[in-house]
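What follows is a single structure, written as structure tokens, with notes after it.
Every number here is computed from the coordinates shown, using simple stated rules; none is lab data. Predicted model only: the values in this text are computed from it and were never measured. Here the Cβ positions follow ideal geometry from the backbone for every residue, glycine too, while neighbour counts run over all protein chains shown.
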Amino acid sequence: MQSTEQGKRKFKDYYELATDGSRWTIDQEFQACFDWTYDEGRAGMIGLYEKGKQMQWDAQTRIDWAQDLDPLNPQGMPDESLPIHAAACFQSMNETEKGEIRRHFQAWQLSQFMQGEQGALICAAKIVTQVPDSDSKFYAATQTIDEARHVEAYKLLLKKFNAVYPMTKPLADLIDQTLRDSRWDMTYLGMQVVIEGLALASFGTIRDHATNELCKQVNAYVMQDESRHVAFGRLALRDYYPTLTQKERDEREQFLLEASYLMRDRFDAIELWRHLDLPIEECATAMYESGFMDRFRNSLFSRIVPIVKDIGLWGETVRNGYEKMGVMGYADADVQALQDEDDHIARQYDARRAEIARVVNRARQTESSVVAAE
């Protein structure tokens with residue numbers, strides 16, 4: 001799907017929509033914190049740090065980038081995953097035209113993953129600087145390199161789509177709020193809980209339903225890391241929030257609820273439909289009348305709601321808000337079981353690739369033996 005000419009292009013040339021310059025700067029005011037005790041700290045946090053060190057991987061070598069994508073459906077997703085699949089404008093298209101819409105929508109979605117990972121990279125670096133205890137600093141340092149690798153992986157994948165899109169405004173607004181806040185726990189709350197939690201659910205949709213092995217593999221490996229990142233936020237905030245006053249917890253619950261609505265609304269993709277010269281009203285109507293967006297948005301909270309309950313931000317504001325959003329059914333989900341499954345699936349991909357390499361090597365050895373015998 002990628003020509004030699006495409007391979008020579010600069011990444012900025014893949015953008016379908018203009019970006020606001022080549023840089024986005026956010027003014028911040030917060031204290032850098034040093035911890036002279038170097039206390040080993042919490043066993044759970046140190047355990048995550050050990051895993052973070054041991055489970056580093058190279059996006060260039062762990063993933064087989066030679067795998068091809070179908071130009072008409074790069075991820076191999078069912079049409080039901082396309083929000084406007086029931087719209088008359090889409091149904092009236094021929095297969096080539098439908099393929100272009102699929103490719104652009106999937107590229108737009110993956111672009112949000114990549115843009116969000118850069119936000120996570122900057123937030124993780126901020127946590128290293130700002131968080132008061134050494135064990136959290138150590139783990140956040142491993143997360144920082146994880147996030148850089150994720151940006152790299154999605155960048156390599158998007159090149160094969162031959163299309164990239166800028167960050168959506170709701171995602172940009174939340175990252176802006178998260179980085180501007182001077183309190184270290186708000187960085188955790190905005191990024192580790194909300195953005196990373198929603199990302200896990202989005203990645204899982206592709207990992208579990210795509211038929212293209214490259215796209216499944218990239219998301220499986222990223223999810224293996226992200227599950228640890230969410231666990232990091234859980235451990236840090238679960239210890240900290242009981243020490244706050246009720247007023248301070250109420251303030252964080254309000255931020256959490258507003259952030260949840262922002263993330264829920266980032267999937268409208270209006271700028272994409274406009275760019276593709278599709279009728280906006282017809283697309284919006286199809287998205288909502290099909291019920292797809294309600295189901296999809298709700299599923300995104302499968303990772304967030306149980307974590308919010310676990311860290312103790314479970315007051316009336318959050319419970320009422322999640323009740324109105326229709327996502328309270330996720331409150332008792334087993335977060336650890338989900339994390340373990342993410343790790344298991346990624347290891348299965350590694351085992352499969354190792355077995356393929358073993359079979360290929362054995363075949364080559366056999367061929368060499370036959371040639372030598374002759």
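Classify segment 130-287 as rounded, prolate or oblate from the Cα gyration tensor: take a ≥ b ≥ c as the square roots of its eigenvalues, call it rounded if a/c is under 1.5, otherwise prolate when a/b beats b/c and oblate if not. Since a/c reaches 1.5 but b/c is at least a/b, the shape of segment 130-287 is classed as oblate.
Just list whichever of Lys12/Lys126; Lys51/Lys126; Lys126/Lys160; Lys53/Lys137 have alpha carbons separated by over 23 Å in the model shown. All intermediate terms of the calculation are to be shown ahead of the outcome.
Working: Lys12/Lys126 26 Å; Lys51/Lys126 21 Å; Lys126/Lys160 32 Å; Lys53/Lys137 13 Å.
Too far apart for the 23 Å limit: Lys12/Lys126; Lys126/Lys160.
Two tests apply to each whole DSSP H helix in the chain, Cα reach of 18 Å or more along its axis and mean Kyte-Doolittle hydropathy of at least 1.0, and none passes both.
Is segment 2-106 best put as rounded, prolate or oblate by its Cα gyration tensor, with a ≥ b ≥ c the root eigenvalues, rounded for a/c under 1.5, and otherwise prolate when a/b is larger than b/c, oblate when not? The partial results should precede the final answer.
Working: a/c = 2.22, a/b = 1.97, b/c = 1.13.
Prolate, since a/c reaches 1.5 and a/b exceeds b/c.
Is the shape of segment 210-363 rounded, prolate or oblate, going by the alpha carbon gyration tensor and its root eigenvalues a ≥ b ≥ c, with a/c under 1.5 for rounded and a/b larger than b/c for prolate? Oblate. For the chain, the residue among Phe105, Gln67, Ser227 whose Cα projects farthest onto the positive side of the dipole built from Cβ charges is Gln67. In plain terms, the chain is cut at each of the chymotrypsin sites (Phe, Trp or Tyr not before Pro) found in a DSSP loop with at most 12 other Cβ atoms within 10 Å, and the longest leftover piece is 39-374.
Across the chain, the longest run free of exposed loop sites, meaning trypsin sites (Lys or Arg not before Pro) lying outside DSSP classes H, G, I, E and B with no more than 11 other Cβ atoms within 10 Å, spans 24-374. About the centre of its Cα atoms, segment 81-156 shows a dipole size close to 120 debye [charges on the beta carbon of Lys, Arg (+1) and Asp, Glu (-1) only; nearest 20 debye].
FRET efficiency for the Glu29 to Thr245 pair, using the beta carbon distance and R₀ = 25 Å, is estimated at 0.65. Among Met191, Met55, Met167, the residue with the largest mean-square fluctuation in a Gaussian network model of the chain, with springs joining Cα atoms closer than 10 Å, is Met55. If you run the Gaussian network model on the chain, springs between alpha carbon atoms under 10 Å, then out of Ser92, Ser227, Ser22 the most flexible one is Ser22. Each Lys and Arg contributes +1 and each Asp and Glu -1, all at the Cβ; summed about the Cα centre of the chain, the dipole is approximately 680 debye.
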